[in-house]
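The values are calculated or read from the model by the stated rules, or taken from the named source; none is laboratory data. For clarity, every value in this text was computed on a predicted model and none was experimentally measured. In this analysis, Cβ positions are derived from the backbone assuming ideal geometry, glycine residues included, and neighbour counts consider all displayed protein chains. These area figures cover heavy atoms from the full protein model, side chains too; ligands, DNA and RNA do not enter into them. Shrake-Rupley method; radii C 1.70, N 1.55, O 1.52, S 1.80 Å.
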Amino acid sequence: MVNAVSQKEKLSDSELLNLPVKEIQRRLVSANMPSSAQEWTRQLHCFQKAYRRACFSGDLKRVRFFLQGLPLSFLSIRDQLLDDKAALSWAAYGGQADVIAFICSQQDDESFIGFDYGAGLEVLVSLESDEFARTSEGNPLEGRMSSALAVVSDVASEINAPEILRALEERLTQALDQQIELQMTSRLEGGAGMGPAVAERSFWAK
C-alpha cells in the first residue's frame, strides 16, 4: 500500500515557488505519493499555484523544471501543468514571451492550435503583415480556452501586445505546415482532402 506524503517532505506552493530547483527535486524524489484522491488534489493545487506564479513572473528555469524535471512518479501532474491554459494566460498578462514559447514548444499540435486551423492561419497572416494591433484588437479568437493559441491570442488582443504572439510564429508555422502535409497525404491516399482553411494556407504559402 502506498503511504501518504510525509509532512517533512511535502512541499507547499510557496516552497515549490521559492526553494532552489535542486532542493525541490531532492525532496520530491524522496517523497511518497499521496494515498488518497483528496491528498492528490491538494498536491496538484500546490503545483498549479507555484507553476502559474512562475509563468507570470517569467521564471523560465522553474517552468522548465515543472515540465521537464519532475520525477517519473509526478508525470501526471506534469501533464496537467502542460495543459494548464490558465497558466498560459498568466504568462501572457505578465508579458513573458519566452515562457509562452517554451510551454507551447512542449505541447502537441492539438493542445497548441486545436482544430481551428483557420484561426491559426489568421494569426500567422496578421503577424507577417504586421497588422495584428489594428486587425485583432477587440476581436480575439473564438473559444478562449479551446487551445493554447486561443488563450494567448485573447490576452495579446486585450492588452495589444503582438510581441507575445510573435514568439509563437515559428511554432505556429510548423503546426500549420504539419497539417498541410497530413491533409495532402490523406488526399493522395483517397481521403477527404484538404479542408478550406488548410487549402487557403497552402495557397497563401506559395
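Would you check if there is a residue in region 14-30 being outside any helix (DSSP H, G or I) and in contact with a Lys or Arg (Cβ under 6 Å, 6 or more places away or on another chain)? No, that holds for no residue.
Scanning region 160-182 for residues that are in contact with a Lys or Arg (Cβ under 9 Å, 6 or more places away or on another chain) and surrounded by 14 or more Cβ atoms within 10 Å (Cβ to Cβ) yields a total of 3. Applying the criterion of being open to solvent by 40 Å² or more (accessible area, probe 1.4 Å) and within 17 Å of Ser76 (Cα to Cα) to the residues of region 11-32, the residue that is modelled with the highest pLDDT is Gln25. Here region 108-131 is the region considered, the condition is being open to solvent by less than 10 Å² (accessible area, probe 1.4 Å) and among the β-branched types (Val, Ile, Thr), and the residue that is nearest to Ala161 (Cα to Cα) is Val123. Tallying residues that are open to solvent by 40 Å² or more (accessible area, probe 1.4 Å) and touching a residue at least 24 places away in the same chain (Cβ under 8 Å) within region 34-47 yields 4. Among the residues that make up region 52-66, is at least one of them outside any helix (DSSP H, G or I) and under 18 Å from Arg166 (Cβ atoms)? Checked against the condition, which is being outside any helix (DSSP H, G or I) and under 18 Å from Arg166 (Cβ atoms), region 52-66 yields at least one hit.
Looking at this structure, is Ser146 within 30 Å of Lys61 (Cβ to Cβ), at pLDDT 75 or above and assigned to a loop (DSSP other than H, G, I, E, B)? For Ser146, the condition - within 30 Å of Lys61 (Cβ to Cβ), at pLDDT 75 or above and assigned to a loop (DSSP other than H, G, I, E, B) - is met. Every residue in region 31-51 that is touching a helix residue (DSSP H, G or I) at 6+ places or on another chain (Cβ under 8 Å) and in a loop (DSSP other than H, G, I, E, B), please. Across region 31-51, the qualifying residues are Met33, Pro34. Inside region 68-107, can you point out the residues that are outside any helix (DSSP H, G or I) and open to solvent by less than 50 Å² (accessible area, probe 1.4 Å)? Of everything in region 68-107, those that are outside any helix (DSSP H, G or I) and open to solvent by less than 50 Å² (accessible area, probe 1.4 Å) turn out to be Leu70, Pro71, Asp84, Gly94, Gly95, Gln96, Gln107. The residues of region 77-105 that are over 9 Å from Cys55 (Cβ atoms) and of a type in the set (D, E, K, R), listed by number, are Arg78, Asp79, Asp83, Lys85, Asp98.
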